[in-house]
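Novice: Okay, handing you the structure first.
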Amino acid sequence: MGNRTNVRQHLENHLVDYLEFLRQMVAINSFTANSTGVNETGNLIIKQFSNLGFKPELESSTDERYGNHIFLRRLAGSGRKQDSPPSVALISHLDTVYPIEEELLNDFAWREQNGRIYGPGIVDIKGGTLMIFMVLDSLYNCFRDIFESIDLWVCFNASEEVLADDFSSHCL
């Protein structure tokens, strides 16, 4: 069983890896109408979360201008369905607000300055995706018994910035 000290040590030991994951996400333009970039971001996220045993399910957006919604699933007991395990769903999104041209015009890119990191999606939502991963990674590595006892879903909307409504129909 883990403890708070173990979690802190785990996070500190993996900070460079976490920040590299964030840097890779930020380097991809995922403007809502850039379906290629949205899907590339999604593929990067799928790869990262697969290290924790998550299996992806992709759902195409009903509007073909947008990328794929992603639903990452991990059942309790490493895939064995238990009798009514607790279930947790975490919701995020893949798209950001700036088209490539605006990012270039305003030099919106990964930048470290005075102990801070700047770039498209650092706070909303690529930074949030990193936080979800860090929490789940800490549970997996420091509290495996708890991690293994929960059905987990991490759901990513491909078109949240334009308030498309098809994502919610897949969440029911």
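Novice: Take the stretch 103-115 and flag every residue that is more than 21 Å from the chain's Cα centre (by Cα) and either basic (Lys, Arg) or closer than 23 Å to Asn68 by Cα (or both).
Specialist: Glu103
Novice: So which of Ile146, Ile91 is touching a Cys at 6+ places or on another chain (Cβ under 8 Å) and either at pLDDT below 95 or open to solvent by 80 Å² or more (accessible area, probe 1.4 Å) (or both)?
Specialist: Of the residues listed, the single one that is touching a Cys at 6+ places or on another chain (Cβ under 8 Å) and either at pLDDT below 95 or open to solvent by 80 Å² or more (accessible area, probe 1.4 Å) (or both) is Ile91.
Novice: Here is a check on your reading of the model: is Phe71 open to solvent by less than 50 Å² (accessible area, probe 1.4 Å) and part of a strand (DSSP E or B)?
Specialist: When the stated conditions are applied, Phe71 passes them.
Novice: Would you confirm whether any residue within the stretch 97-112 is in contact with a Lys or Arg (Cβ under 9 Å, 6 or more places away or on another chain), surrounded by 15 or more Cβ atoms within 10 Å (Cβ to Cβ) and on the phi < 0 side of the Ramachandran plot?
Specialist: Yes, the stretch 97-112 has at least one match.
Novice: Glu64 fails exactly one of the following numbered conditions: (1) at negative phi; (2) at pLDDT 95 or above. What is the number of that condition?
Specialist: Against the list (1) at negative phi; (2) at pLDDT 95 or above, Glu64 comes up short only on (2).
Novice: Run down His14, His10 and say which single residue is open to solvent by less than 70 Å² (accessible area, probe 1.4 Å), out of contact with any Cys (no Cβ under 9 Å at 6 or more places or on another chain) and more than 25 Å from His69 (Cβ to Cβ).
Specialist: His14
Novice: Could you tell me which of the residues Gly77, Gly37 is open to solvent by less than 40 Å² (accessible area, probe 1.4 Å), on the phi > 0 side of the Ramachandran plot and small (Gly, Ala, Ser)?
Specialist: On inspection, the qualifying residue turns out to be Gly77.
Novice: Within the stretch 150-172, restricting attention to residues that are among the hydrophobic types (A, V, I, L, M, F, W, C), part of a loop (DSSP other than H, G, I, E, B) and farther than 9 Å from Ile91 by Cβ, which residue is most open to solvent (accessible area, probe 1.4 Å)?
Specialist: Only one residue tops the list, namely Leu172.
The values are calculated or read from the model by the stated rules, or taken from the named source; none is laboratory data. Everything quoted here is computed from the prediction, not taken from an experiment. Cβ atoms come from the backbone with ideal geometry, glycine included; neighbour counts cover every protein chain shown. All accessible areas refer to the heavy atoms of the entire protein, side chains included, with ligands and DNA or RNA removed. Shrake-Rupley method; radii C 1.70, N 1.55, O 1.52, S 1.80 Å.
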